[in-house]
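The values are calculated or read from the model by the stated rules, or taken from the named source; none is laboratory data. Bear in mind that the values here come from a model prediction, so they are computed numbers and not experimental data. Methodologically, a virtual Cβ is constructed for each residue, glycine included, from the backbone with ideal geometry; neighbour enumeration extends over all protein chains shown. In case anyone asks, the SASA skips ligands and DNA or RNA and just uses the protein heavy atoms, side chains included. Shrake-Rupley method; radii C 1.70, N 1.55, O 1.52, S 1.80 Å.
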Amino acid sequence: MRQPPGDGEASSEGPGNWSLWRGQESRRLCYADPHRCGQALLQIGINMMALPGGRHLESIPLQGQRLHLMQVDSVQRWMEDLKLMTECECMCVLQAKPISLEEDTQGDLILAGGPGPGDSLQLLLKRGWVISTELRRIGQKLAQDRWARVHSMSVRLTCHARSMVNEYSVVSKSSSQEMGQAEKLLMEKCSELSAITERCLQVENEHVLKSMKACVSETLSTLGQHFGQLLELALTREVQALVRKIDASDNIYTTEATTGNLFSLTQEGAPLCRIIAKEGGVVALFKVCRQDSFRCLYPQALRTLASICCVEEGVHQLEKVDGVLCLADILTDDSHSEATRAEAAAVVAQVTSPHLPFTQHLSSFLESMEEIVTALIKLCQEASSGEVFLLASAALANITFFDTMACEMLLQLNAIHVLLEACSDKQRVDTPYTRDQIVTILANMSVLEQCASDIIQENGVQLIMDMLSEKPRSATPAEAAACERVQQKAAVTLARLCRDPDVAQEAVRLSCMSRLIELCRSPSERNSSDAVLVACLAALRRLAGVCPEGLQDSDFQQLVQPRLVDAFLLCSNMEESFV
């Protein structure tokens with residue numbers, strides 16, 4: 001299940017990207033993730049097991065197998081005997097041995113095998129990860145004045161840089177003058193770094209070392225800049241090739257593979273998304289989304305677009321090619337699959353995110369907003385899974401921030417009934433992430449006076465009361481944060497709705513005041529969240545104004561009567577009693 005942040009905002013794990021909701025679907029291509037390295041090392045181990053003459057362990061005769069079994073039995077017997085005896089000398093050595101190893105002594109970073117044909121992109125990503133890691137480590141050792149380590153790692157860095165330059169030249173088969181110049185500058189700085197760190201090893205005067213340390217630091221910084229420039233040039237070249245391939249291809253399999261490669265690049269972060277946007281990736285992908293022959297590729301293309309639009313350049317390119325109109329056409333066309341319309345909703349959620357300032361200037365969106373909102377409500381109503389409902393509701397939640405007219409549209413489209421009805425359907429609303437989107441929409445709609453009657457009619461106050469008791473089902477920080485947002489927004493919604501006396505009376509009848517007091521006084525109930533505390537204090541004060549007799553004297557004197565800031569400080573400093 002995708003796990004979006006509140007109101008569709010950017011996650012802290014990455015570059016403000018809707019695609020980060022999809023982190024649990026194994027769509028993130030890391031530079032050199034442990035799984036890949038594990039596979040590579042496993043393959044090396046398999047190769048090492050090969051016997052002379054091309055035989056493997058599987059082809060060992062039966063006699064060898066018997067010997068192997070005898071050896072295993074001997075080891076097992078030794079392990080059993082070991083339980084009954086100890087050697088004092090060994091025990092002392094073990095007690096004195098440090099458990100953890102230094103990060104850089106755990107072995108050099110290894111790239112399994114050489115690059116194969118067409119592997120230039122993977123080569124760049126892997127070598128880039130290795131070199132950037134080495135640069136970081138050298139900086140750490142330099143700060144600790146570990147000159148021997150700094151020099152050895154500088155030499156190793158030079159080897160990695162030379163390998164990247166040589167291997168990429170072989171794979172790419174051609175190089176521009178600009179890239180040649182960048183390669184030359186990088187290798188010169190690597191040689192300079194190795195030379196100066198070697199001289200530092202021979203210096204014992206601390207004052208001289210201090211001045212040389214500044215020089216090493218400057219050289220390291222310049223080297224990092226040259227490496228970044230070279231990597232950007234090489235990646236730009238690879239992206240250009242991918243975009244040209246998508247643009248020119250009329251083969252569905254070629255387009256699918258190339259679009260998949262482009263999506264993988266978007267998962268590497270905002271810098272690569274900017275490169276893709278600048279090199280025409282958005283234009284090429286919308287071209288795919290406008291061809292009926294590529295209908296089965298629409299979800300993949302739209303997913304890639306959502307990732308690219310986490311950066312300003314992507315949103316600007318989307319507007320230039322009338323991307324919003326294309327999204328509206330897809331959302332309103334029932335002949336498209338649910339998966340396609342859900343991915344279109346994901347793009348809408350990304351480009352309307354209230355946490356991305358550059359999305360607030362999408363003038364073309366206002367022209368199609370009514371069609372898009374109507375289609376999204378329909379998608380929520382007909383969603384066959386929690387993921388589809390999540391994407392559609394997240395897009396609606398962001399649109400309510402994007403323009404105030406959206407709330408009035410939702411009210412006219414009977415959105416409150418659709419959303420509250422979905423809350424009782426565990427197939428559609430089954431996580432705090434989805435409830436976060438629903439309560440966001442309700443909180444923004446609650447500023448409208450006519451919203452209160454619809455809430456009462458649909459038994460919405462009870463639902464808000466339930467959201468005040470939202471608890472995470474797992475111990476993950478993301479889910480705990482989602483539950484905090486649900487509680488906070490439920491309290492905000494309640495405070496706004498309680499301007500209506502009928503809603504306030506219903507809230508009192510459902511014991512909302514008792515729950516709000518509990519949230520204020522018990523940090524564990526709100527996961528020690530200050531945002532939830534402030535929202536609950538505000539809601540409690542609004543209810544107390546309507547029904548003061550529902551409060552005990554101590555609650556009134558501590559939570560309602562003082563200034564809000566004083567009540568906040570009192571509650572935030574409370575220590576729970578475990579008696």
Tally up the carbon and sulfur contribution to the accessible surface of segment 239-305 as a whole percent, 1.4 Å probe, everything protein left in place. 48
By per-residue mean of other Cβ atoms within 10 Å, what is the highest-first order of 248-255, 515-522, 305-312? 305-312, 515-522, 248-255
Per residue convex hull volume, Cα atoms of segment 309-450, in Å³: 98
Rg from C-alpha atoms of segment 193-337, normalised by the globular rule of thumb 2.2 N^0.38 Å, equals 1.55
Taking only protein heavy atoms into account and a 1.4 Å probe, give the accessible area per residue of segment 235-354 in Å². 35
Report the one residue of Ser524, Gln462, Cys407 whose Cα lies farthest in the direction of the positive end of the charge dipole of segment 398-546 (charges on C-beta: Lys and Arg +1, Asp and Glu -1; origin at the Cα centre). Ser524
How would segment 307-346 be classified by its alpha-carbon gyration tensor: rounded, prolate or oblate, with rounded meaning a/c under 1.5 and the a/b versus b/c comparison settling the rest? oblate
Let a ≥ b ≥ c be the square roots of the eigenvalues of the Cα gyration tensor of segment 134-240; is it rounded (a/c under 1.5), or, if not, prolate (a/b larger than b/c) or oblate? prolate
At Leu201 and Gln144, where each label point lies 7 Å from the Cα along Cα→Cβ, what is the point-to-point distance in nanometres? 1.8
Given a 1.4 Å probe, how much area per residue of segment 134-180 is accessible, in Å²? 48
Inter-label distance, nm, simple model (7 Å from Cα along the C-beta direction), Arg295/Ser335: 0.6
What order, most packed first, do the peptides 210-223, 373-386, 284-297 have when packing is the mean number of other Cβ atoms within 10 Å of each residue? 373-386, 284-297, 210-223
Using 7 Å Cα-to-Cβ label points, what is the Glu370/Leu510 separation (nm, one decimal)? 3.3
Between Leu564 and Ala248, Cβ-based FRET efficiency (R0 60 Å, step 0.05) works out to 0.45
